[in-house]
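The structure under discussion appears below in the form of structure tokens.
The values are calculated or read from the model by the stated rules, or taken from the named source; none is laboratory data. Keep in mind that what you see is a predicted model, and the values were worked out from it rather than measured. All Cβ positions, even for glycine, are placed from backbone atoms using ideal geometry, and neighbour counts span all protein chains on display. All accessible areas refer to the heavy atoms of the entire protein, side chains included, with ligands and DNA or RNA removed. Shrake-Rupley method; radii C 1.70, N 1.55, O 1.52, S 1.80 Å.
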Amino acid sequence: SASKPPSRTPGKSGSKIQSTPTKAGGDRYIPNRSTMQMEMANFLLTKENDPAEDSPTKKEQQKAWAVNLNGFDVEEAKILRLSGKPQNAPEGYQNNLKVLYSQKTTPGSSRKNSRYIPSMPDRILDAPEIRNDYYLNLIDWSSQNFLAVALDNSVYLWNYSSGEIIQLLQMEHPDDYVSSVSWIKEGNYLAVGTSNAEVQLWDIQQQKRLRNMISHSSRVGSLSWNSYILSSGARTGHIHHHDVRVAEHHVATLAGHTQEVCGLRWSLDGRYLASGGNDNLVNIWPCTQGDSGDFAPVQTFTQHQGAVKAVAWCPWQSNVLATGGGTSDRHIRIWNVCSGTCLSAVDAHSQVCSILWSTNYKEFISGHGFAQNQLVVWKYPTMAKVTELRGHTARVLNLTMSPDGSTVASAAADETLRLWRCFEMDPIKKKEKEKASSAKSSIIHQGIR
């Protein structure tokens, strides 16, 4: 092959004669280190010694333009100078561009930070013969993604992942009905309260009843788990603690209500039990007995003017509790259970049936009856409305949340269950959360009778 002629050394010019380069620079993104660049540099350096090309008239014209546009001569008021102090702008000068940078953005031009919340339910399920009773707690969603629904005298399980429906139980006597359901934290056992004062315990894997705990004298409308202790609230106003591991299950009685206990919830850290009743009271119970050997409430809140069924503990502030009142009250109140103070109160203008805190956002959702029959998402702690979710044609009876915290299920007296994807997580955060969570075996798996 023909040999290539040797290339010239960069920076070395064959001619000593200075000439104006034909092209000022190469590609503007990729530096060109050819001889043309060196020639240009040499030309520009030597050009500084040449006499100025600008004529006096041209300079005056530029100065006039500067004064008209800026209000002063730019050359006389440069801020960045190589030596000396920066000169101040002439007295009384105002920058015409100031308004562009100091003006606040208008609502139309500002970017909205709020996420998209679908106004329509993701799914609608039939719930025939669901009891239209404000005081009952008829749905609960397990950590294993099973939705338990009590329809009159039966309990059905709906597998959210597969869509499979299982009839778990049916009451023996046709006049009896299921009045409450509650999953243990691990999701493998379901507690069932009945109208004939029973508290049943069911194994989901085996689909059989493990225990039938009898201690109440009236229907059991509310249930809540704290580890192996199952608490049940009855129409008499009494709350019973059941240790499901032992034969003598009834270990304590809490007598702080004079009417039916319709709201019952253990705090996430297991320190307090919150109970709401038809006597308009909210009681906060400690997990341990007092000096006298009896249980006494550490706080009693009397501000509600109606039955308190909605009780919910804040997941990121263990001492903060949200409660909601019935038709004659219609208020949502936030409490600090340690100090006993009401942190905030808002008029919901509707009967409050249920409250759930979001685990994905600093928000909570409330379900309502008369007269709007809607769901409302609220910001916390501002208590500002985020959105309203409408669709139910009769009062919302209960709310429950999916294990990932993205979906809320609402059961209503219109005999439908509606699933709302109102707390959908950002995909990146969702992956991080899934990695952090790990399945745990039930703590009572071996010792249950």
With a point put 7 Å past each Cα toward its Cβ, work out how far W316 is from Q289 in nm, to one decimal.
3.9
Using alpha-carbon positions, what is the distance between the centroids of segment 217-268 and segment 382-400, in Å?
28
Separation in nanometres of the label points that stand 7 Å from Cα toward Cβ, at L44 and A66:
2.1
Considering only protein heavy atoms and a 1.4 Å probe, what is the carbon-and-sulfur percentage of the accessible area of segment 214-352?
45
Want the number for K59 to A371: 0.36 nm per residue separation, take away the alpha-carbon distance, what's left?
104.5 nm
Restricting attention to the alpha-carbon atoms of segment 131-255, what are Rg (one decimal) and Dmax (integer), both in Å?
13.5, 43
Per-pair calculated FRET efficiency, R0 = 25 Å: H173 and H250 via Cβ, rounded to 0.05
0.60
Accessible area in the full protein assembly, largest first, 1.4 Å probe, for S339, S195:
S339, S195
When the scattering of segment 206-345 is computed by the Debye formula from its Cα atoms alone, each counted once and equally, what is log10 I(q)/I(0) at q = 0.16, 0.20, 0.21 Å⁻¹?
-0.80, -1.19, -1.29
If you take the charge dipole of segment 131-255 about its Cα centre, with +1 on Lys and Arg Cβ and -1 on Asp and Glu Cβ, which of A255, T236, L210 is farthest toward its positive end?
A255
Residue separation times 0.36 nm, minus the C-alpha to C-alpha distance between R390 and A345: what's the value?
13.9 nm
Rough spin-label spacing in nm, given labels placed 7 Å along Cα→Cβ, for N196 and D133
1.4
For S227 and I428, compute 0.36 nm times the residue count separating them, minus their Cα-Cα distance, and round to one decimal in nm.
69.2 nm
Counting only protein heavy atoms and rolling a 1.4 Å probe, one gets per residue an accessible area for segment 131-255 in Å² of 38
With just the Cα atoms defining each centre, how far is segment 122-165 from segment 292-343? Give it in Å.
27
Compare the peptides 159-172, 309-322 by average per-residue count of other Cβ atoms within 10 angstrom and give them in order, highest first.
309-322, 159-172
